[in-house]
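The values are calculated or read from the model by the stated rules, or taken from the named source; none is laboratory data. What you see is a predicted model; the values in this text were computed from it and never measured. Here the Cβ is made from the backbone with ideal geometry for all residues, glycine too, and neighbour counts use every protein chain on show. Heads up: the accessible areas ignore ligands, DNA and RNA and are worked out on the full protein's heavy atoms, side chains in. Shrake-Rupley method; radii C 1.70, N 1.55, O 1.52, S 1.80 Å.
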Amino acid sequence: MTKVGQRDSPAKEEPSTTTPPATKKRFLTPGRFVTILCIINLINYVDRGVIASNGVNGSSKTCDAKGVCSAGTGIQGEFNLSNFEDGLLSSAFMVGLLVASPIFAGLSKRINPFKLIGVGLTVWTIAALGCGFSYNFWMIAVFRMFVGVGEASFISLAAPYIDDSAPVARKNFWLGLFYMCIPAGVALGYVFGGFIGNHLGWRWAFYIEAIAMAVFVVLSFCIKPPQQLKGFADKDSKKPSTSSETVAPTDAEASQIKTKAPKSKNLVVLFGKDLKALFSEKVFIVNVLGYITYNFVIGAYSYWGPKAGFGIYKMKNADMIFGGLTIICGIIGTLGGSYVLDRINATLSNTFKLLAASTLLGAAFCFTAFLMKNMYAFIGLFAVGEILIFAPQAPVNFVCLHCVRPNLRPLSMASSTVLIHILGDVPSSPLYGKMQDRLKNWRTSTLIITSILFVAAIIWGIGIFMNSVDRSNEVSEDEEVEEEKLESKAENSTLV
């Protein structure tokens, strides 16, 4: 037996004759794993469409000139909500999202990220059930806040997993598949909410979506992702030593390793340090400013679109028309934008070019569409506009993932999501409702909101001229310390 601190003589070493065990093929391949994430994302955004659909959201009671009133329908009618209160209801989830997103992003450094997703989806499922059991405005508003808590765990961690799992040549296309679920989910929510609300009642739409998500809550606790998240240590595994007899490091080595450890283990301090590093990235700032402006319009479209369509063109099946249009155009636009980015060499500068061009053209088509008096002319022009304005979905998140170091990606995604909601679609829904209450003209209100897309195109255009560097493969300080520790342990394990 070899004593500690001594090495075997090379002459005594014998080559191993043991045949390495065959690698077991895993059922959960990267493609299947990304498919699960896409379905979860789809259900999450179906909920956004459900709450906005005419079948679930409904309408307030109306009275004619003679004073004869007709009962309201759905949530707005049952709880007697004004358009402003109705808009607040659509934005209530943001409270939970704002509070929980940085918490989940910070905990991902200490706890297995996929288990955190499972916890979040559990909260989401319970909150969705609660929406169905609500009996007044404040009760359903609170449950909508907890829907945001559940979403927070998912949005900050899913995209980095996809970015790591996807083949290099199709990275943006895989991200496109994931973000395609946003317009497709909202659109399906319009259709699903309209159908269920009219046939079973608005509460059943929430019950059914909660049951669908419960399946993936179970999966998230039972499966393990096929690839460890880049920039994070594996929280569930401890790699065995390469030798049966390892050597303890000397006092000098132990002291050296100790001094290289992170200065603070306090989560709040580490979070503050990461946040400072994130917001020192000018590319991130410009990208998110454009994203906020863009999402301000998209949020108003997604919530008020069916009602605006009915108000302007007297569409009898506004949920079905807007839902079907958004599904088709959202899929084509999102996948088209990601495909084009893969083809033109996905540098950050090229990404900003795509963001600015597609948003500018999309704004022009949508603005022109709402000027049309004929409904079919509107549908044709608006369809082209929707394809173009959905093209940025994957590219804008590609910038969020690649303008920072790998260990900052969850925080980058969480921060961008919080900002685009709290400054984008959260205020846009009630503000649009307030504007419509004052103007009493759906066409004018929608033209005003659409013009803001031109501002988003200008902001993203600024990014073209910035000195942007892809930092997705840089090694963080924490990773360097971890690598040095592993190298030290490997060297010591050879001393037998």
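Based only on Cα atoms, what Rg/Rh ratio does segment 274-356 have, Rh being taken as Kirkwood's radius? Answer for segment 274-356: 1.11. The Cβ shell under 14 Å around residue 135 holds other residues with a net charge of 0, Lys and Arg each +1, Asp and Glu each -1. Gain on full extension, evaluated as 0.36 nm per residue between residue 371 and residue 273 minus their Cα-Cα distance, stands at 30.4 nm. Taking only protein heavy atoms and a 1.4 Å probe, the accessible area of segment 83-227 is 78% carbon and sulfur. Charge tally around residue 430: other residues with Cβ under 9 Å, Lys/Arg +1 each, Asp/Glu -1 each, net -1. Assuming charge only on the beta carbon of Lys and Arg (+1) and of Asp and Glu (-1), the dipole of segment 71-163 about its Cα centre is about 440 debye to the nearest 20. The chymotrypsin sites (Phe, Trp or Tyr not before Pro) of segment 86-169 that meet both conditions, a loop assignment by DSSP and at most 11 other Cβ atoms within 10 Å of the site Cβ, are 135. Across segment 431-470, the residues whose backbone nitrogen lies under 16 Å from the label position 7 Å along the beta-carbon direction of residue 280 are 469. For segment 116-212, the equivalent ellipsoid built from the Cα gyration tensor has semi-axes of 29, 17, 9 Å, listed from largest to smallest. Among residues other than residue 299 with Cβ under 10 Å from its Cβ, the summed charge is 0 (Lys and Arg +1, Asp and Glu -1).
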